[in-house]
Amino acid sequence: MSIAIRPLRAADIEAMIALWRAAGLPHRPGGRDRPEALAAQIESAGGLFLGAFTLGALTSPAGELVGTVLGSVDGRQKGWVNRLAVHPELRRRGIARRLLAEVEARLVARGALLFTALVEARNATSLAVFHAAGYEENRDVVYVRKPVSPPA
């Protein structure tokens, strides 16, 4: 399957949310994943929110969003990788690997010296993608959070 990777646009939000649902990613439509919030995030990301789109395939119409990855730099030379997702019917075709490589290259161009990602322990598919790309697990870090009302 031929795909093109390009920065996501506000016009892609509906397809992005549908993809996340299909891929089983958590989605907070009342918080950080409201369409207007996502549009603002896409605008401020400066090309680090990426989508993989089909270029004509037997199984998908041309131009369908089949994968996403959201990147950010935290100001301390740490690049964050979030929402790496590929449609379940199109996995194991190298799409996640290509998205990850592209966002890493863009993060390096923004000064990142370290790539980080939070992956749910039960998500063996995502863990396998990150392990294959050379990411190491750090079980010494505990994720804590304190939501602001309403939860983000």
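Scanning the range 94-104 for residues that are open to solvent by less than 60 Å² (accessible area, probe 1.4 Å) and not β-branched (Val, Ile, Thr) yields Gly94, Ala96, Leu99, Leu100, Ala101, Glu104.
Across the range 25-49, the qualifying residues are those that are open to solvent by 20 Å² or more (accessible area, probe 1.4 Å) and modelled with pLDDT under 90, and the one among them that is farthest from Leu65 (Cα to Cα) is Gly30.
How many of the residues in the range 125-147 are surrounded by 10 or more Cβ atoms within 10 Å (Cβ to Cβ) and aliphatic (A, V, I, L, M)? Steps first, answer last, please.
First, pick out the residues of the range 125-147 that are surrounded by 10 or more Cβ atoms within 10 Å (Cβ to Cβ): 125-133, 135, 137.
Filter again for aliphatic (A, V, I, L, M), leaving 127-129, 132-133.
So the count comes out to 5.
Here Val81 meets each of (1) of a type in the set (Val, Ile, Thr); (2) under 24 Å from Asn123 (Cβ atoms); (3) assigned to a helix (DSSP H, G or I) with one exception, condition (3).
Can you tell me which of Arg97, Arg21 is assigned to a helix (DSSP H, G or I), without any contact (Cβ under 8 Å) to a residue 24 or more places away in the chain and not aliphatic (A, V, I, L, M)?
Details: Arg97 fails: without any contact (Cβ under 8 Å) to a residue 24 or more places away in the chain.
Being assigned to a helix (DSSP H, G or I), without any contact (Cβ under 8 Å) to a residue 24 or more places away in the chain and not aliphatic (A, V, I, L, M) holds for just one of Arg97, Arg21, which is Arg21.
Of the residues screened, Gly63 is not one that is over 17 Å from Val119 (Cα atoms), open to solvent by less than 40 Å² (accessible area, probe 1.4 Å) and assigned to a loop (DSSP other than H, G, I, E, B).
Report yes if Ala40 is free of Cβ contacts under 8 Å to residues at least 60 places away in the same chain and assigned to a helix (DSSP H, G or I), otherwise no. Explain how you work it out, then say what you get.
On the way: free of Cβ contacts under 8 Å to residues at least 60 places away in the same chain: yes; assigned to a helix (DSSP H, G or I): yes.
When the stated conditions are applied, Ala40 passes them.
The values are calculated or read from the model by the stated rules, or taken from the named source; none is laboratory data. Only a predicted model underlies this, so the values are computations on that prediction, with no experimental measurement involved. Methodologically, a virtual Cβ is constructed for each residue, glycine included, from the backbone with ideal geometry; neighbour enumeration extends over all protein chains shown. Side chains included, ligands, DNA and RNA excluded: accessible areas come from the protein's heavy atoms. Shrake-Rupley method; radii C 1.70, N 1.55, O 1.52, S 1.80 Å.
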